[in-house]
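Presented below is the structure to which this report refers.
Quick note: the coordinates plus some simple rules give every number you see, no bench work behind them. No experiment lies behind these values; they were computed from the predicted model shown. When we count neighbours, we look across all protein chains shown, and the Cβ atoms used for this are built from the backbone with ideal geometry, even at glycine.
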Amino acid sequence: MKNRGLAFKLMVFILASSACIFSAAFSYNYYSSKKTVIRDVEENARNLARSTVYRIESVLQGVEKVPLNMASVIGRYPYGVVDIFHLVQSAVANNPEVYGSIIAYEPYNYEPDTEYFAPYCYRGSNGSIKSEVLGGEDYRYFVMDWYQIPKLLKEVVWSEPYYDEGGGNIVMATVSVPFYKEADGEKDFQGIVTADISLSWLTEILSSVTIYRTGYAFVITRNGVFVTYPDNGFIMRKSIFSIAEENADRNLRDIGRDMIAGREDFIPLVDFASGKKSWMYYAPLPSNGWSVGVIFPEDELYADVWDLGKEVVIIGLIGFLFLFFTVAMISQTITRPLRFLDATTHEIAKGNLDIELPEPRSNDEIGRLTRSFKEMKSALKEYIANLAETTASKERMESELKIARTIQMSFLPKRFPSLPETEVVEVFATLEPAREIGGDLYDFFFLDRDHLFFVVGDVSGKGIPAALFMAVSKTLLKGVTELGMEPSEVLERVNAELCIDNESMMFVTVFCAVLDLRTGELRYSNGGHVPPVLLREGGEPVWVEIPPGVFLGTFDDARYKTGTLSLIPGDTILVYTDGVSEAMDARRELYTGARLMTALRSVPDGSPETVVREVLESVRDYSSGEPQADDITILAVRFKAFKT
């Protein structure tokens, strides 16, 4: 290629460019077609899923009305045994969807001397209506879920699918409705009315749903158990979560959570039966919280797109061959006059932008190319000048940022309490910004000889805006804090000041506290900050329970509370920002508070500096050289002795 002529190179470059353009156009057409197909399929899938849900819901709601009507009648009028059996038999006979129904009375409610009274009617194998009274030591119906749950919730409840050994001896689902007797405006619980429905009709409905060649639909319960599925081995034996666990498929587990949570969506997945790439639309059944899923195999979904793509490729190849012969002829014609530009453009390539180009003698492509070279030369000179200026500006900015970092760090205390204070309390802190300057802050100072105030904060965002907001926040915290003032009052005053003219809606989370060195009492307040950790000497680290409170700077009417904690000599309070718990490793997994507690358990009892450096080292080891995502601030206060 290096020693080939210009005509050959021009031909290769033009053809390669044309091939790239064709590939881009083909790819755009292909992916646009896929998007169109997906959009149309999503709409069709939504309509199909919702129509299936509607068909199932019409059955479920029809069944649900049966016990609702019976509960309304029974609770309003007294019925004899014969009348009750007649009522239940009529409910089963007049509603073909209902397999069986029961009116289960609370023990001793129907008759004072009768503990079990639950008339049950169901369809026999020959279609006749059979009756019996359930209840006894072998079938204590009033302790079963279908009885207890609607009783406690006082509402209509659909059960999970089950094998009804005491009644119909088939797999079914039950809708249970509590009924009451009203007297003097009070409702007295009497029992539960149910309607049992066989699940075989669900398979018939879903089998009638046609989805390409191998697509299918299924239903899962609130617990993710398959009620219907093309493979009978899944039904009542597997759940969407057990399959996700078997295949180590986190995506399928998340899909299962969304389905049982009642959400509706159209998402890609790997079919857990065939292993093929597919799409699934799922929608909830409002009556009982189950979910319907419809699977669309991707290869069948895109079959038309792939056929169209083959046709486009064939047409493109024919066009490419025609273009090849055309470019070969044109390149030979163009290259002859281009040699006249070679001498001067070779100098431009070396960086000599002051050389004069020959004047164009025509207005054809060669003439325009010559003019373009002249314009390119002028543009290059201007670009180089601008680049030099930009580089100088960048160096100035970097220098200014370093100065800003030095100024910002100078705001923070670096000299820790000296004698005689260190005999009763010891403090150490560190701050590592994620960028040149950051938005974290810490401070500590004595309100008098007996009270130490300390604070840690985390401003939203990073960079210069966060640093400026940090400086304002730290100044306000130190300026408004007075002896005898509750920490909650400090936060309220600082919040009120930060909310004034805060059009950028920046905010800061704050934890502040006052330690009484004579009694060891720690009074603290929290504004949306992560909870600190209490380290008892020789004991396990524990989280400090913090009062609720929102971050400062956005809600001028926010109120805060003060919490208290009694420290004993040897106790250490560790306050930090979320740059610790949210540090990430190479897998983008968070450090978390749990890992912090594990690190603190291994830290030997010692000075606050030891605790802070051990925690910081643990975070660095976990990050394994990954760029720091957020500012990290850690402050430790160790109460050593009561001041006398």
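Using a cutoff of 8 angstrom between alpha carbon atoms and counting only pairs six or more residues apart, the relative contact order for the chain works out to 9 percent.
Would you mind checking K35/K238; K35/K462; K65/K238; K130/K238; K154/K561; K478/K561 for any pair whose Cα atoms are more than 28 angstrom apart? Exceeds cut-off: K35/K238; K35/K462; K65/K238; K130/K238; K154/K561. Taking the fewest neighbouring Cβ atoms within 10 Å as the starting point, the ordered list for H451, H529 is H451, H529. Taking the charge dipole of the range 415-639 about its Cα centre, with +1 at Lys and Arg Cβ atoms and -1 at Asp and Glu Cβ atoms, the residue from G527, T598, L517 reaching farthest to the positive side is T598.
A Cβ-based charge dipole, computed about the Cα centre of the chain with Lys and Arg at +1 and Asp and Glu at -1, lands at about 2760 debye.
The gain in end-to-end length when the K130 to V313 segment is fully stretched comes to 59.0 nm, 0.36 nm per residue minus the alpha carbon separation. Qualifying GluC sites (Glu not before Pro) in the range 416-506, where qualification requires a DSSP coil assignment and no more than 16 other C-beta atoms within 10 Å, comprise E482, E503. A cut-off under 13 angstrom between Cβ atoms defines the neighbours of E482, and their net charge, with Lys, Arg +1 and Asp, Glu -1, is -1. When peptides 513-523, 438-448, 227-237 are ranked by their average number of other Cβ atoms within 10 Å per residue, the highest-first order is 438-448, 513-523, 227-237.
The gain in end-to-end length when the E626 to R257 segment is fully stretched comes to 129.7 nm, 0.36 nm per residue minus the alpha carbon separation. Here the ratio of the Cα radius of gyration of the range 199-322 to 2.2 N^0.38 Å is 1.31.
Quick one, could you list the DSSP H helices from the chain stretching 30 Å or more along their long axis (Cα atoms) with average Kyte-Doolittle hydropathy of 0.5 or above?
Flagged H segments are 303-350.
Adding -39500 (n - 2.57) for every DSSP H run of four residues or longer, then dividing by how many residues the chain holds, sets the calculated 222 nm ellipticity at -15000 deg cm²/dmol. Taking Lys and Arg as +1 and Asp and Glu as -1, the other residues whose beta-carbon sits under 15 Å from that of E582 total -4.
Note down the net charge around V459, summing +1 for each Lys or Arg and -1 for each Asp or Glu among other residues with Cβ under 9 Å from its Cβ. Combined, the nearby Lys, Arg, Asp and Glu give -2.
Over the range 253-310, what is the relative contact order in whole percent, taking alpha-carbon pairs under 8 Å and six or more residues apart?
Reported relative contact order: 28 percent.
Over the chain, with a single point scatterer placed on each C-alpha, what log10 of the ratio I(q)/I(0) does the Debye formula yield at q = 0.06, 0.09, 0.12 1/Å? Values returned for q = 0.06, 0.09, 0.12 Å⁻¹ are -0.71, -1.02, -1.10. Given R0 = 22 Å, the distance between the Cβ atoms of F446 and L468 translates into a calculated FRET efficiency of 0.20. Binning all Cα-Cα separations of the range 415-639 at 5 Å, short to long from zero, yields these whole-percent fractions: 1, 7, 15, 19, 20, 17, 12, 6, 2, 0.
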